[in-house]
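K.L.:
Next up is a structure, given as structure tokens.
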Amino acid sequence: MTFRLLTCFSLGAAVMAAAAIQGKVDLIDAKKKGSAEGVVVWLEPVAGRNAPAPAKFTLDQRSKRFLPHVMAVPVGSQVDFPNHDPIFHNAFSNFAGQPFDTGLYAPGTSQKITFRREGIVRVFCNIHAQMSAVIVVVPSPYFATSAAAGSFRIDNVPAGEYTLKVFHERATEKTLAALERRISVTSDQDLGMVKISESGYLEVGHKNKHGGDYPPVPLENGPYAGKK
Ligand SMILES: [Cu+2]
């Protein structure tokens with residue numbers, strides 16, 4: 001009997017040690033209603049740090065787009081940027097976060113970058129002004145990216161105290177800072193609706209990697225044309 005009780009207790013503790021934290025983001029005050037996809041939510045332990053468990057990720061270049069547009073990776077992760085188009089592409093960032101530049105690379109080839117610092121990395125292509133992506137480098141293994149309907153779920157979160165943090169591309173830093181809150185994880189938890197205001201967000205253009213303007217017609221038909 002004692003043995004059985006102990007077994008039950010251990011099992012219960014094991015289940016509680018890996019909780020699922022879920023919720024839904026709701027984008028409000030938007031100038032035009034967009035998809036709720038691509039909001040990154042993560043949990044940072046209040047005391048100490050949990051090793052972020054770096055892994056390999058892929059950010060595709062396809063039809064002159066970066067896919068997915070927003071991606072979260074733990075610190076130390078490697079991101080591959082395969083070029084699936086018949087033209088040259090580039091990937092660079094010169095914003096806060098981690099600056100990098102892959103240089104131009106040919107159709108069917110790939111470049112990879114390892115992100116060693118947490119932060120928001122805004123990624124562009126030096127030839128195509130319309131290509132952009134955001135890599136959110138998080139210092140924690142507990143993160144999720146919202147689906148189109150806004151739902152997110154972070155699995156395998158050990159019991160403990162955490163700070164909940166949120167990144168949304170169309171929210172101001174002030175809005176995002178105000179959304180930070182402390183949560184206690186003891187078992188599976190539904191955070192309910194996380195309302196994120198897009199008020200005050202201004203879309204600003206970006207320069208090419210030299211800090212200059214993009215030419216009105218991409219240079220892809222010139223020296224950067226791929227094999228036809
Ligand atoms: Cu490009």
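K.L.:
So which of LYS31/LYS174; LYS31/LYS209; LYS24/LYS174; LYS174/LYS195; LYS24/LYS112 end up more than 22 Å apart by C-alpha?
P.N.:
Exceeds cut-off: LYS31/LYS209; LYS24/LYS112.
K.L.:
Let me make sure I get this right: for segment 15-87, a, b and c are the square roots of the gyration tensor eigenvalues over alpha carbons, sorted descending. Under 1.5 in a/c it's rounded, otherwise prolate if a/b > b/c, else oblate. Which is it?
P.N.:
Note, shape of segment 15-87 comes out oblate.
K.L.:
Another question, then. Neighbouring Cβ atoms within 10 Å as the yardstick, rank LYS209, LYS165, LYS174 fewest first.
P.N.:
LYS174, LYS209, LYS165
K.L.:
Using a ≥ b ≥ c from the Cα gyration tensor of segment 75-210 (square roots of the eigenvalues), is it rounded, prolate or oblate, where a/c under 1.5 gives rounded and otherwise the larger of a/b and b/c decides, a/b for prolate?
P.N.:
It is prolate, given that a/c is not under 1.5 and a/b is the larger ratio.
K.L.:
Starting from the Cα gyration tensor of the chain, take the square roots of the eigenvalues, sort them a ≥ b ≥ c, and report rounded, prolate or oblate (rounded when a/c is under 1.5, otherwise prolate if a/b is larger than b/c, else oblate).
P.N.:
prolate
K.L.:
To the nearest 0.05, how large is the calculated FRET efficiency for ARG62 and ALA30 if R₀ is 22 Å and r is the Cβ-Cβ distance?
P.N.:
Rounded to the nearest 0.05, the efficiency is 0.25.
K.L.:
How far apart, in nanometres, would the label points at THR186 and TYR201 be if each is projected 7 angstrom from Cα along the Cα-to-Cβ direction?
P.N.:
Taking the simple label geometry, THR186 and TYR201 are separated by 3.5 nm.
K.L.:
Going by how many other beta carbons lie within 10 Å of each one, how would you line up TYR142, TYR214, fewest first?
P.N.:
Lowest to highest Cβ neighbour count: TYR214, TYR142.
K.L.:
So how do LEU179, LEU202, LEU43 line up by other beta-carbon neighbours within 10 Å, fewest first?
P.N.:
LEU202, LEU179, LEU43
K.L.:
Could you run the Karplus curve 6.51 cos²θ - 1.76 cosθ + 1.60 with θ = phi - 60° over segment 149-161 and give me ³J(HN,Hα) per residue in whole Hz, x for Gly and Pro?
P.N.:
7, x, 6, 9, 8, 10, 8, 6, 8, x, 4, x, 9
K.L.:
Here's another thing I want to ask about it. What is the set of long-range amide H partners of SER132 at a cut-off below 5 Å, with H atoms built 1.01 Å from backbone N?
P.N.:
Residues meeting the amide H criterion: PHE66.
K.L.:
At a Förster radius of 25 Å, what calculated FRET efficiency corresponds to the Cβ-Cβ distance of VAL46 and GLN78, to the nearest 0.05?
P.N.:
Plugging the Cβ-Cβ distance into 1/(1 + (r/R0)^6) gives 0.30.
K.L.:
Mind checking the angle between helix 2-16 and the chain's longest principal axis? C-alpha axes, 0 to 90 degrees, to the nearest 10.
P.N.:
Once rounded, the angle reads 30 degrees.
K.L.:
In addition: Work out how much length ALA96 to SER151 would gain on full extension: take 0.36 nm times their residue separation and subtract the Cα-Cα distance, in nm to one decimal.
P.N.:
Using 0.36 nm per residue and subtracting the Cα-Cα distance, I get 17.0 nm.
K.L.:
I want the antiparallel fraction of DSSP beta bridges within the chain, as a percent rounded to 5.
P.N.:
Within the chain, antiparallel bridges account for around 70 percent of the total.
K.L.:
Sticking with this one: Taking K and R as +1 and D and E as -1, what net charge do the other residues with C-beta under 9 Å from the C-beta of GLY200 add up to?
P.N.:
After counting each charged neighbour, the total is -1.
Coordinate-derived values only; no laboratory data. These numbers come from a predicted model, not from an experiment. Reconstructed Cβ throughout: ideal geometry from the backbone, glycine too, with neighbour counts over all protein chains shown.
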